[in-house]
Amino acid sequence: MDTLGKLVDLIILIAACIIIPTMFLSFKYDDLAQRNAEIVVNDFAETVSSCGYVTDEMYYDLVSDLAVYGGVYQIDIVHEQEIMEPEYVGGVFTGNVMTYPDKTYTEEIISNIDAHGAYLMMVGDQFTITARKKSVSSGQSFIKWMLHKKNSNLATASRMISGISKVEYESYYR
């Protein structure tokens with residue numbers, strides 16, 4: 001009976017000295033990685049807002065900055081703009097201008113960057129970026145297992161395009 005008590009004490013000691021501090025550090029690391037992702041995504045959105053385009057260098061810097069803490073992220077980008085078209089009936093302008101939103105998504109944006117060196121936007125367009133962590137750390141696995149909680153690690157930012165650097169803008173379109 002005394003041996004069984006010592007075994008239980010040893011298991012509790014191991015849990016208290018190794019497992020609990022390890023989980024605590026893992027939670028702290030997850031929190032730090034989440035804050036880093038939010039900062040990186042917001043900085044990227046601010047840069048895009050002020051210059052009016054996304055270059056391949058800017059995009060790959062974003063990817064590498066997000067990977068600093070060892071995470072793999074799914075990056076989704078949406079560019080939304082208002083399209084205005086005059087309304088014609090029977091070939092005659094009616095005086096009305098129709099407006100509708102047009103959205104461009106990540107795949108098309110990236111292919112445009114690859115083809116032209118940059119993806120260009122206009123002042124007033126809306127730019128949204130979301131980075132969702134695909135990899136799961138041990139701290140997140142533990143929380144998911146204990147609390148049956150979904151992985152909700154994401155960072156998102158949405159900005160209105162506020163400026164365009166005309167010289168750089170024209171130089172990127174190859």
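Figures for the structure shown
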| quantity | calculated |
| --- | --- |
| Residues that are in contact (Cβ under 8 Å) with a residue 24 or more places away in the chain, closer than 30 Å to M23 by Cα and not in a strand (DSSP E or B), drawn from region 97-139 | K134, S135, S137, S138, G139 |
| Residue match in region 82-103 (condition: under 20 Å from A155 (Cα atoms) and either surrounded by 13 or more Cβ atoms within 10 Å (Cβ to Cβ) or of a type outside the set (G, A, S) (or both)) | no |
| Test: residue in region 29-40 that is among the polar types (S, T, N, Q), touching a strand residue (DSSP E or B) at 6+ places or on another chain (Cβ under 6 Å) and in a helix (DSSP H, G or I) | no |
| The listed residue being among the hydrophobic types (A, V, I, L, M, F, W, C) and in contact (Cβ under 8 Å) with a residue 12 or more places away in the chain, out of V8, V40 | V40 |
| Region 21-49, subset at pLDDT below 90 and among the hydroxyl-bearing types (S, T, Y), residue nearest to G71 (Cα to Cα) | Y29 |
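Every residue, every condition in (1) touching a residue at least 12 places away in the same chain (Cβ under 8 Å); (2) more than 28 Å from S135 (Cβ to Cβ); (3) part of a helix (DSSP H, G or I), yes or no:
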| site | (1), (2), (3) |
| --- | --- |
| I20 | no, no, yes |
| Q74 | yes, no, no |
| Y88 | no, yes, no |
| G95 | no, yes, no |
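This table checks each residue for (1) surrounded by fewer than 14 Cβ atoms within 10 Å (Cβ to Cβ); (2) touching a strand residue (DSSP E or B) at 6+ places or on another chain (Cβ under 9 Å); (3) farther than 24 Å from T47 by Cβ; (4) at pLDDT 90 or above.
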residue	(1), (2), (3), (4)
G117	no, yes, no, no
M122	yes, yes, no, no
Q126	no, yes, no, yes
F142	no, no, yes, no
N151	no, yes, yes, no
Y169	no, yes, no, no
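The values are calculated or read from the model by the stated rules, or taken from the named source; none is laboratory data. Worth saying up front: this structure is predicted, and the values here are computed from it rather than measured. Counting neighbours? That spans all protein chains shown, and the Cβs are built from the backbone with ideal geometry, glycine included.
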